[in-house]
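Below: one structure, written as C-alpha cells.
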Amino acid sequence: MTQQAPHPGALASPAVQGLERYVPGKPIEELEREYGVHDIIKLASNENPWGMSPMAMAAVKAALPDLWLYPDGGAHALKVALARHLGVPRECLTLGNGSNDLLMLLAEAFLTTAHSGLYSQYGFAIYPIVIRATGARCLVAPAHPPGTPMPYGHDLAALARALEPDTRLVFIANPNNPTGTWVGPGPLREFIAAVPDHALVVLDEAYLDYALLDGVPDSIDWVREFPRLVLLRTFSKAWGLAGLRLGYAVSHPEVADALDRVRPAFNVNSLAQAAGAAALGDVAHVEHVAAMTVAERRRVEAALRAMRVPFVPSATNFLLIEVGRQGGPEARDINEQLLRAGIIVRPVGGYGLPRHLRVSIGLPAHNDRFLAELARLLKAP
Ligand SMILES: Cc1ncc(COP(=O)(O)O)c(C=O)c1O
C-alpha cells in the first residue's frame, strides 16, 4: 500500500495550524450576494463614513499616473511630515500597511517560542493571532467584570500580575476594541513605569482622535520617557484612509531599527504615502470628523438609554451594546434580523461576549435607521 502524502496544510507550522482566523466585518457586496438585500449600511468595522480630507483625495488622484513605479521604500516625505506633526525624530517612526502590519512586525521581531506575549481578556482580536503565529505563549489577563465602571475593560493590576519572566510584549489598546473602554493616564503611566525591563509595552491608540474628546490625553511625550514603550496609531479611523492601509509606530530608535529589519520592502503603497502626507496638512478635517462622530455617539447613547438597552462606556466611534435578553432574543438573532434589514453590525460572540453587538457610529441617517430597526426588533414578540 502506498503511504498517503500529508495534506499540504499539515506542512504549516504547528503554531499556524492552531490559529483561529480573524473574522472581519461583513462586506456590503457579500450581504447583497447572500441575502439579496440592497440599500445596505455598514456599521461593522469602525470606519469613518465622512471619509478622508479633500487634500488627501487630491493627492491620491495626483499620484495615480506614477503607480507603475515602486513606492519610496523609506517613505521619506511621509516620515518628514509625520515627524513634524508628532514632534518626534524620524528615527522613532516605523510605517505599516495599517497598524495591523506593525502588530505582526512587533511579534516577528520580539517573540520566539521561548517567550510570551500578554494582553487583556476582550482585547483586540489580532493580539492573540500575532502572538500565537510566532509559537510564543499567549497570556491573557482577566478584564474588569460586568457591573464595574469599565465593564470588560483592561484591568492594569491584573495585567501586571499576569506578566511572566519570559514576557516580551504587553499589548494594551487604549481605548480598546471591541469594548470601547479606556484607562486613565495616571494608572497607565504607573503601569508602564513598573513593567520590567524584559518587556515592551505596545500601546495601541487606533481610536485616539476620538478619545481625545473624552479626555484621554495624547501620550506621545511618554515615548521619550519610556524606551520600552511603543505607540501604534492608524490612518484607518478618524483619518478616513482605511482602504489605503496606513499605520505607524512611534518608539525608541532601536525598536524602530528592529522593526525595519523584518519589514517587507515597500510595505506602504504609493497612494497611502501620498494621502497620509497630504492628510497631515489638514488636521482640521480630522478634528471636525472626530467632533461630529462623538456628538453622534452621544446621541445614540441617549437613544439607547431611552430604550433601556445597556451599553459599555466608550471613548471611540463605536458602542458595545447588550441586546441579548434572558428569555428573549439573543444577540445572534438580532444580528440576523439586522442583516435582513440591510444593516451590518459586528457580532462579538468570538470575543466571549455572546449577548453583545458592536455598532460603529455612522452618518446621522444611518444611526437613525439602526436605532429604529433595533427598537422594532426588541419590541417584536
Ligand atoms: C485596537 C485596534 N488596533 C489596530 C487596528 C488595526 O487597524 P489598521 O490595521 O486598519 O490600522 C484596529 C482596527 O480595527 C483596532 O481596532
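Per residue, the average separation of C-alpha pairs within less than 8 Å and at least 6 apart gives the range 83-232 a relative contact order of 20 percent. Annotation for GLN337 and ARG299: the two label points, set 7 Å from Cα along the Cα-Cβ direction, are 2.4 nm apart.
Its relative contact order, with pairs defined as Cα atoms under 8 Å and 6+ residues apart, puts the chain at 23 percent. Taking a ≥ b ≥ c as the square roots of the Cα gyration tensor eigenvalues, with a/c under 1.5 meaning rounded and otherwise prolate when a/b beats b/c, else oblate, which class fits the chain? Cα axes put the chain in the rounded bin.
Extension gain, GLU30 to ALA15: 0.36 nm times the residue separation minus the Cα-Cα distance gives 2.4 nm. If both residues of a DSSP beta bridge must be in the chain, then about 45% of such bridges are antiparallel. Normalised per residue, the accessible area of the range 9-58 is 64 Å², obtained with a 1.4 Å probe and no contribution from ligands, DNA or RNA.
Here the gap between ALA306 and THR148, fully extended at 0.36 nm per residue and compared with their Cα-Cα distance, gives a gain of 54.7 nm.
Per-atom-type breakdown for the range 145-229 gives carbon and sulfur 57% of the accessible area (1.4 Å probe, protein chains only). The slack between VAL80 and ARG261, meaning 0.36 nm per residue of separation minus the straight C-alpha distance, is 63.1 nm.
Solvent exposure of the range 175-258, expressed per residue, is 33 Å² of accessible area, with all protein chains present and a 1.4 angstrom probe. Counting only protein heavy atoms and using a 1.4 Å probe, what share of the accessible area of the range 268-381 belongs to carbon plus sulfur, as a whole percent? Using a 1.4 Å probe with all protein chains present, the range 268-381 comes out at 55 percent carbon and sulfur. For the range 201-230 versus the range 117-137, the spacing of their alpha-carbon centroids is 20 Å. Within the accessible surface of the range 76-142, defined with a 1.4 Å probe on protein heavy atoms only, the carbon and sulfur portion equals 54 percent. Within the chain, which DSSP H helices have Cα atoms that stretch 30 Å or more along the helix axis and a mean Kyte-Doolittle hydropathy of at least -0.5? In the chain, the long hydrophobic H runs are 283-306.
Using the average count of surrounding beta-carbon atoms within 10 Å as a protection proxy, the listed peptides 115-122, 22-29 rank, highest first, as 115-122, 22-29.
Whole-percent P(r), the range 1-107, all Cα pairs, 5 Å bins from 0: 2, 7, 8, 13, 14, 14, 14, 11, 8, 4, 2, 1, 1, 0.
Shown for the chain: lysine pairs separated by 8 or more places, or found on different chains, whose C-alpha atoms are under 22 Å apart, numbering 6.
The values are calculated or read from the model by the stated rules, or taken from the named source; none is laboratory data. Worth saying up front: this structure is predicted, and the values here are computed from it rather than measured. In this analysis, Cβ positions are derived from the backbone assuming ideal geometry, glycine residues included, and neighbour counts consider all displayed protein chains. To get the accessible areas, we keep the full protein, side chains included, count just its heavy atoms, and leave off ligands, DNA and RNA. Shrake-Rupley method; radii C 1.70, N 1.55, O 1.52, S 1.80 Å.
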